[in-house]
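The structure appears right after this line, and notes come after that.
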Amino acid sequence: MLLHTLDWIIIAIFFAIVLGIGWVASRTAGQSSEEYFLGGRGMPWWLLGVSMVACTFSADTPNLVTGFVRESGVSKNWAWWAFLITGMVTVFIYARLWRKSRVNTDLEFYEIRYGGKLASFLRGFRAIYLGVFFNTLIMGSVTLAAIKIGAVMLGLEPWVVVVGASIVVVIYASLGGIKGVVWADFFQYGIAMFGAVYAAYVAVSQPEVGSLSELMSNPIIADKISVIPDFSSASVWVPLLLIPLAVQWWAVWYPGAEPGGGGYIAQRMLSAKDEKNAIGATLLFNFAHYALRPWPWIIVALASMVIYPDLDSIHAEFPDIDPTYLKDDIAYPVMLAKLGTGWIGLVVASIIAAYMSTIGTHLNWGSSYFVNDFYKRFLKPDATDKQMVAMGRWTTVLLMIIAGFLSLYVLDNATQAFNILLLSGAGSGAIYLLRWFWWRINAITEITAMIVATVVAFVLVLGVDDATVATEVLDGFTMKLLITVGVVTVSWVSVTLLTKPENAQVLRNFYRLTRPGGPGWKRVVEEARGDNDPCDNAEGVVWQMPLQVLLIFIGLVSVYSALFSIGSFVYQDVWLGVCLAAVSLLSTVALFKVFGKLKF
């Protein structure tokens with residue numbers, strides 16, 4: 001695609017603004033490690049919420065959704081729509097607990113919840129495992145999307161895209177710390193969302209498509225548009241709907257949708273002014289992430305099936321695309337090639353914005369793990385704030401180099417990385433939900449889950465063909481997921497019951513700090529009273545679980561109704577769209593009324 005002078009001017013202005021944000025934020029970012037990684041714990045809910053959704057917007061997410069739709073239809077998106085349950089649980093139960101903990105990273109949690117050398121090992125190991133391995137795998141997937149977009153839209157070689165994209169994001173992320181990332185996210189999200197909507201408009205305006213109404217009546221996509229899988233076939237609805245809703249949301253650890261919150265979501269909650277701001281940020285994130293964003297991408301994906309019904313038709317028009325990258329997910333950048341002068345520059349800038357917001361967040365998050373939970377904890381306990389900030393900046397550069405290598409030499413499509421991440425975290429999710437509310441969970445519990453999940457995933461991915469475990473109802477990958485969940489869950493539950501609980505004083509201190517309440521801590525509380533060391537006499541509200549569960553349910557109704565209301569308007573079913581919009585509005589009003597009864 002040929003970019004004209006106007007396009008390059010728009011892109012240059014975008015880069016200048018983002019770098020300017022990083023420079024302004026750098027004036028305070030280096031004052032302390034808490035300022036660099038948590039923004040001084042004084043950030044408002046609306047800014048943090050937009051930052052969360054900007055990070056998950058990502059350059060690879062449109063490609064992932066496009067691949068889902070082209071391969072299995074719109075209903076395949078339940079693979080990530082189901083994580084809304086996880087999100088709402090985080091909003092109304094765990095956000096306030098994280099903010100109370102006062103930790104600098106969610107990994108620091110291990111040494112307030114558990115005790116001894118095992119807790120220290122768990123913290124240090126996961127700092128490397130998550131902050132480097134998992135984190136760079138995610139960034140590699142996002143960079144892979146940038147490579148495909150750069151190849152199709154700009155005709156750039158993969159290494160040029162990687163080097164060019166890395167330099168700018170590393171500069172502003174390392175200079176400004178979390179403040180630079182969050183404020184850049186705020187600016188970038190608006191551009192990215194506008195670009196996605198305009199891309200959908202251009203897609204349905206193509207001569208082969210005609211209009212949105214003609215697209216929805218086109219027989220080519222007739223078997224792809226349903227948001228609910230075909231219930232007449234168990235092999236369709238069970239893996240696409242039942243497994244995500246019944247198992248995946250609580251059993252699988254996935255970055256950005258961790259059961260109980262974690263990763264960069266926890267980092268944002270820990271950066272909030274107070275508990276209410278932490279809750280408000282995660283609520284805004286879940287509404288924008290699940291209800292507002294998907295449909296522009298879905299429209300582009302459906303239109304791409306009309307214009308490019310198969311990969312051969314894409315290759316025929318774009319013969320220079322490397323065959324390694326010729327997968328269904330490349331249809332999104334292919335569709336963007338149909339934009340006009342000026343608009344190309346704006347949409348390219350929007351894609352760069354989506355890429356940079358995600359990478360910037362992951363760089364700061366990953367470096368916070370390495371610096372706070374490995375470097376300072378184990379290598380240099382007496383590190384000054386200045387040394388920690390400097391190490392954070394160097395780590396940022398290193399993480400970007402590793403991610404670039406993965407994108408160039410390891411990964412080849414977005415779905416592949418998504419599946420790897422799901423399987424590697426399978427079975428451990430329930431621990432992250434229960435460890436706040438059941439005293440019996442210990443450090444060995446988490447170590448067991450981590451080791452067993454890694455071994456089982458390694459064996460299933462490298463040693464077992466999907467066809468071997470597939471059944472008439474479930475495909476091979478879904479069966480591997482269920483096998484991993486089952487084996488890992490049985491392993492950690494058994495080990496938990498067979499090993500000693502954590503030290504009583506560690507448990508009491510944790511309870512005093514976070515005050516989770518509930519029957520799962522009854523024994524600890526009663527024993528503390530018996531020892532004349534009560535841990536439940538501090539000020540603060542303890543147990544509001546029934547009210548919180550009600551809020552979760554109302555929140556799910558509100559967001560899912562909004563999601564499918566927008567979808568109904570897209571599908572030209574105005575009456576259903578209006579009805580669902582009314583349901584969403586009424587449930588949102590009810591949500592805030594009930595939320596007002598929650599005590600802090």
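Using beta carbons and a limit of 7 Å, which pairs, at least six apart or on different chains, have the first residue in the range 536-548 and modelled with pLDDT under 55 and the second one assigned to a loop (DSSP other than H, G, I, E, B)?
What qualifies is Gly540/Arg515.
Inspect the range 284-295 for any residue being at pLDDT 85 or above, farther than 20 Å from Arg96 by Cα and touching an Asp or Glu at 6+ places or on another chain (Cβ under 6 Å) and give the result as yes or no.
No.
Count, please, the residues in the range 468-500 that happen to be outside any helix (DSSP H, G or I) and surrounded by 17 or more Cβ atoms within 10 Å (Cβ to Cβ).
Here is the first cut: in the range 468-500, the residues outside any helix (DSSP H, G or I) are 470-475, 499-500.
With surrounded by 17 or more Cβ atoms within 10 Å (Cβ to Cβ) added as a condition, the list becomes 474-475.
Of the residues in the range 468-500, 2 are outside any helix (DSSP H, G or I) and surrounded by 17 or more Cβ atoms within 10 Å (Cβ to Cβ).
Residues in the range 286-306: is at least one assigned by TED's automatic domain parsing to the domain that holds Phe83, of a type outside the set (A, V, I, L, M) and either without any contact (Cβ under 8 Å) to a residue 60 or more places away in the chain or touching a strand residue (DSSP E or B) at 6+ places or on another chain (Cβ under 8 Å) (or both)?
No; the residues of the range 286-306 include none that is assigned by TED's automatic domain parsing to the domain that holds Phe83, of a type outside the set (A, V, I, L, M) and either without any contact (Cβ under 8 Å) to a residue 60 or more places away in the chain or touching a strand residue (DSSP E or B) at 6+ places or on another chain (Cβ under 8 Å) (or both).
Look at Pro229 and say whether it is in the same structural domain as Trp46 (by TED's automatic domain parsing), modelled with pLDDT of 90 or more, of a type outside the set (D, E, K, R) and crowded, with 17+ Cβ neighbours inside 10 Å.
no
Tally time: how many residues in the range 441-467 are surrounded by fewer than 17 Cβ atoms within 10 Å (Cβ to Cβ) and among the polar types (S, T, N, Q)?
Count: 1.
Going by the structure shown, is Asp322 in the same structural domain as Pro219 (by TED's automatic domain parsing), of a type in the set (D, E, K, R), surrounded by fewer than 24 Cβ atoms within 10 Å (Cβ to Cβ) and without any contact (Cβ under 8 Å) to a residue 40 or more places away in the chain?
So Asp322 fails the test.
Of everything in the range 250-274, what is crowded, with 23+ Cβ neighbours inside 10 Å, closer than 20 Å to Val488 by Cα and hydrophobic (A, V, I, L, M, F, W, C)? Give them in sequence order.
Ala251, Val252, Trp253, Ala257 - these are the residues of the range 250-274 that are crowded, with 23+ Cβ neighbours inside 10 Å, closer than 20 Å to Val488 by Cα and hydrophobic (A, V, I, L, M, F, W, C).
Identify all residues within the range 142-165 that are assigned to a helix (DSSP H, G or I) and of a type in the set (Asp, Glu); write none if there are none. Reasoning before the result, please.
At the first step, the residues of the range 142-165 found to be assigned to a helix (DSSP H, G or I) are 142-154, 158-165.
Correct list: empty.
For every residue, the table says whether it meets (1) charged (D, E, K, R); (2) out of contact with any Phe, Trp or Tyr (no Cβ under 7 Å at 6 or more places or on another chain); (3) within 29 Å of Met450 (Cβ to Cβ).
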| position | (1), (2), (3) |
| --- | --- |
| Ser72 | no, yes, no |
| Arg113 | yes, no, yes |
| Ser120 | no, yes, yes |
| Phe133 | no, yes, yes |
| Ile138 | no, yes, yes |
| Pro158 | no, yes, no |
| Tyr172 | no, yes, no |
| Val182 | no, yes, no |
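Restricting attention to helices (runs of 4 or more DSSP H) lying wholly within the range 64-141, give those where 2 or more residues are farther than 19 Å from Met52 by Cα and touching a residue at least 24 places away in the same chain (Cβ under 8 Å). Explain how you work it out, then say what you get.
Numbers: elements: 78-81, 83-89, 95-101, 110-113, 116-128.
The helices (runs of 4 or more DSSP H) meeting that bar are 78-81, 95-101, 110-113, 116-128.
Show me the helices (runs of 4 or more DSSP H) entirely contained within the range 234-290 in which 1 or more residues are in contact with a Ser or Thr (Cβ under 6 Å, 6 or more places away or on another chain), of a type in the set (Phe, Trp, Tyr) and over 25 Å from Val452 (Cβ atoms). Walk me through it before giving the result.
On the way: elements: 234-237, 263-271, 275-287.
Per the criteria, 263-271.
State whether one or more residues within the range 457-465 are of a type outside the set (Lys, Arg), part of a helix (DSSP H, G or I) and closer than 20 Å to Leu122 by Cα.
The answer is yes; a qualifying residue exists.
The values are calculated or read from the model by the stated rules, or taken from the named source; none is laboratory data. Just so it is clear, the model here is predicted, and its values are computed rather than measured. Cβ coordinates were reconstructed from backbone atoms using ideal geometry, including for glycine residues, and neighbour counts include every protein chain displayed.
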